[in-house]
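Below is one structure, written out as structure tokens, with a few remarks after it.
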Amino acid sequence: MGFPEGYCVAVTGAASGIGRATALLLAGQGVRVACLDHADASETAASAGGGAATHPLDIADAAACRAILGHVIADFGRLDGLVNCAGVVGPTNIRSEELNPADFEAVCRVNLFGALHVSQAVLPHMRGRGFGRILHVASIAGKEGNAGMAAYSASKAGLIGLVKSMGKEYAETGVTVNALAPAVIRTPMVAAMPEAQVTYMTDRIPMKRCGELDEAARMIAWIVGPDCSFTTGFTFDLSGGRAVY
Ligand SMILES: NC(=O)c1ccc[n+]([C@@H]2O[C@H](COP(=O)([O-])OP(=O)(O)OC[C@H]3O[C@@H](n4cnc5c(N)ncnc54)[C@H](O)[C@@H]3O)[C@@H](O)[C@H]2O)c1
């Protein structure tokens, strides 16, 4: 168990919530971490300590993903893992007939296209080295669909499909591509949602509680470590019993 010397992981969405918690946990285990976010992630990098780097990145921008992740790979000399936590919720508590297609597109640009962009930016390097771990944070909404959150649910369902395809494509290369489907974890993203929407989601969790940041970070750290070696294209569950498939 654990990470070999010199292990390097890039984390998107590292300024806040699950991404921040994952970056700190990985750094605490001796991993060199690149903290990427379109918001300022320097506090995360500073808390992570010596080996951590930080770069501004909008994952909806394909060229920026190639440039910044290329820079991270050159700087570290290698990249073993990518944790993609960057994401947006978009409209909530709204019927699909009222959903503005522009809002739908904006959510997909980050949650779905962004996942493609960051994957494409690291896959050639990982395939070339014969080793890599990619983990995209999807959502229980992508498995089950949350009423009132059609844009978000569709973007995360698309992401789960993307991961299934990529996992199979790279299965013989030493690179694994997986997703994580959390139910509700109390983060700034959830705090910004209407209470009715949060209650709707939490009521459906058999454990009748939210997940903790550390529970998400520990699972992610294992998935992007060398020990998680015979699973790819899979969506790991983190839902307190809500999804049993
Ligand atoms: N918190 C939950 O209950 C929950 C449940 C299921 C899935 N998720 C997913 O987990 C991931 C992390 O969410 P969180 O709860 O930690 O939210 P959060 O809002 O605390 O963190 C999300 C981070 O992503 C960054 N970000 C947003 N758009 C970006 C972009 N275009 N480029 C780069 N960075 C961008 C934000 O600046 C922020 O730092 C998201 O993908 C979210 O959809 C969260």
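The values are calculated or read from the model by the stated rules, or taken from the named source; none is laboratory data. Nothing here was measured: the structure is a model prediction, and the numbers come from that model. Virtual Cβ from ideal backbone geometry, glycine too; neighbours counted across all protein chains shown. Surface accessibility is based on the protein's heavy atoms, side chains included, excluding ligands, DNA and RNA. Shrake-Rupley method; radii C 1.70, N 1.55, O 1.52, S 1.80 Å.
Using per-residue counts of other Cβ atoms within 10 Å, averaged over each peptide, order 130-137, 83-90, 190-197 from highest down. Can you show the working numbers first?
Details: 130-137: 23.0, 83-90: 24.5, 190-197: 13.0.
Ranking the peptides 130-137, 83-90, 190-197 by packing returns 83-90, 130-137, 190-197.
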Check the straight Cα-Cα distances from K164 and name the lysines below 29 Å, setting aside those fewer than 8 residues away within the same chain. K143, K156
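What 222 nm value per residue comes from the helices of the chain, counting each DSSP H run with n ≥ 4 as -39,500 (n - 2.57) and dividing by all residues, nearest 500 deg cm²/dmol?
Working: 10 runs with 107 residues, N = 245.
Mean residue ellipticity, 222 nm, calculated: -13000 deg cm²/dmol.
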Neighbour cut-off at most 10 other Cβ (10 Å), DSSP loop, trypsin sites (Lys or Arg not before Pro), the range 203-239: K208
Alpha carbon Rg of the chain, scaled by the compact-globule rule 2.2 N^0.38 Å: 0.94
Report the GluC sites (Glu not before Pro) located in the range 136-194 that are in a DSSP loop and have at most 15 other Cβ atoms inside 10 Å of their Cβ, or state none. E172
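Span-like helices, the chain: DSSP H, alpha-carbon axial extent 18 Å or more, mean Kyte-Doolittle -0.5 or greater, which ones? Working shown, then result.
Numbers: long enough: 62-76 (21 Å, 1.31); 114-129 (23 Å, -0.04); 150-169 (28 Å, 0.26).
Result, helices passing both filters: 62-76, 114-129, 150-169.
Roll a 1.4 angstrom probe over the protein heavy atoms and tell me the percent of accessible area of the range 8-231 that is carbon or sulfur. Walk me through the numbers on the way to the answer.
Values: 4970 of 9250 Å².
Its accessible area is 54 percent carbon and sulfur atoms.
With a cut-off of 8 Å between alpha carbons and a minimum separation of six or more residues, what is the relative contact order of the chain in percent? List each step's numbers first, then the result.
On the way: 520 pairs, mean separation 49.1, N = 245.
Once normalised by length, the contact order is 20 percent.
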Plugging the Cβ-Cβ distance of N100 and M1 into 1/(1 + (r/R0)^6) at R0 = 41 Å yields, to the nearest 0.05, a FRET efficiency of 0.30
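Hey, can you find the accessible area per residue of the range 8-231 for me, probe 1.4 Å, expressed in square angstrom?
Working: 9250 Å² over 224 residues.
I get 41 Å² per residue for the range 8-231.
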